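Have a look at the structure below, then the notes.
The values are calculated or read from the model by the stated rules, or taken from the named source; none is laboratory data. Note that the structure is a prediction, hence the values are computed from the model and not measured. Cβ placement follows ideal geometry from the backbone for every residue including glycine, while neighbour counts extend to all protein chains displayed.
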Amino acid sequence: MHGSLPSLSQAAAAADTPEQVIALSDHARSIAAGKARAIQSITGQTRILALNATIEAARAGDSGKGFAVVAQEVKAVSAEIGKLASEMESELTSALDELRSVGRRMAADLRGQRLVDLCLNGIEIIDRNLYERTCDVRWWATDAAVVAAAGDQSTDVLLEGERRLGVILSAYTVYLDLWICTPDGRVVAHGRPDRYPAVRGVDVSHEKWFKEALTSASGDAYAVADVDLCRPLNNAPVATYAAAVRENGETFGAPIGVLGIHFDWEPQAHAVVDGVRLSPEEAERSRVLLVDARGRILSSSDRRGELTERVDLALAGRRQGVVHDTNGRATAFHLTPGYETYRGLEWAGVIIQEPPRRDGQPGVSAVPPGRK
């Protein structure tokens with residue numbers, strides 16, 4: 001019956017991953033235990049034969065003494081073989097258990113590093129995307145129609161400014177709206193008056209992005225706000241970038257207004273977290289997140305906790321890493337590396353992954369009821 005086990009060479013043929021090392025060590029342990037049991041069975045039978053031979057030698061009297069000596073030697077050799085088999089099983093089991101532990105650590109390290117790499121990929125995509133937003137706002141702040149509308153609030157000039165913003169929005173569909181603001185923080189023109197009729201006249205003087213843009217040193221500077229809900233834009237989540245509109249559109253001209261551009265955050269961010277390359281089985285037990293510097297969830301593959309939930313990354317001075325809790329849950333992260341002149345906002349890509357269940361099914365579904 002012991003011959004029914006596949007050979008080690010067959011099991012080793014595919015042993016090129018940590019998981020296969022674990023499987024191979026388990027397979028070798030089974031073989032070692034089976035062979036040890038077979039040896040113990042044989043030595044047991046040998047001891048019984050030696051005992052029977054000793055009994056028969058005693059019955060034979062003096063003529064059986066020589067045979068009795070042989071029987072005793074056979075019994076001693078059998079005991080020694082049994083002892084060696086027991087020691088072999090114990091030592092092999094210990095060594096194979098350690099091999100299994102090494103394989104498990106290797107598997108955890110490789111899976112963790114892969115998750116970290118996926119986190120980096122996600123945050124890099126966002127960085128590149130937002131870098132383009134910083135370029136857009138500085139460029140459009142020098143547009144002649146925008147400069148004119150910021151400096152002259154006559155009806156015809158403002159209408160031309162709004163027409164120009166509408167043209168830009170028709171080509172750049174990642175924005176919800178573009179706002180031209182006066183130095184006192186009043187929105188005087190925007191690109192979608194039909195969709196958002198309540199925007200014109202909104203006071204943004206208290207907004208961080210407006211104040212930073214208005215006091216910026218040159219046309220090379222820009223301001224950015226945290227992702228948040230924008231009430232005038234029907235409470236849509238936006239990432240707002242702003243730059244000062246300057247006299248004659250010159251780099252060091254005096255500020256005559258501010259251009260604020262509202263990036264349509266939700267669909268763009270969802271495309272990033274949904275696009276992370278996890279297997280279907282992994283996706284069922286994983287949450288892919290984008291979080292800000294405070295750990296606030298900006299986007300989540302399961303759509304839970306966005307702009308309300310926070311995660312503690314336990315950075316401990318690291319910019320990337322993976323942490324395993326006592327339940328086997330892995331939390332991988334990578335902080336923004338920045339892109340070109342965009343240094344990033346210390347956001348991070350994060351993947352929280354539950355361990356697989358022993359029956360091969362996901363430990364905890366990361367998809368809430370009703371979602372696919």
**Item:** Residues being touching a strand residue (DSSP E or B) at 6+ places or on another chain (Cβ under 7 Å), modelled with pLDDT of 95 or more and either assigned to a loop (DSSP other than H, G, I, E, B) or outside the structural domain of Arg200 (by TED's automatic domain parsing) (or both) - total across region 141-170
**Value:** 1
**Prompt:** Filter region 265-300 for residues that are among the polar types (S, T, N, Q) and outside any strand (DSSP E or B); which is farthest from Ile125 (Cα to Cα)?
**Reply:** Ser279
**Request:** Among the candidates Ala239, Ala223, single out the residue that is among the hydrophobic types (A, V, I, L, M, F, W, C), without any contact (Cβ under 8 Å) to a residue 24 or more places away in the chain and surrounded by 19 or more Cβ atoms within 10 Å (Cβ to Cβ).
**Result:** Ala223
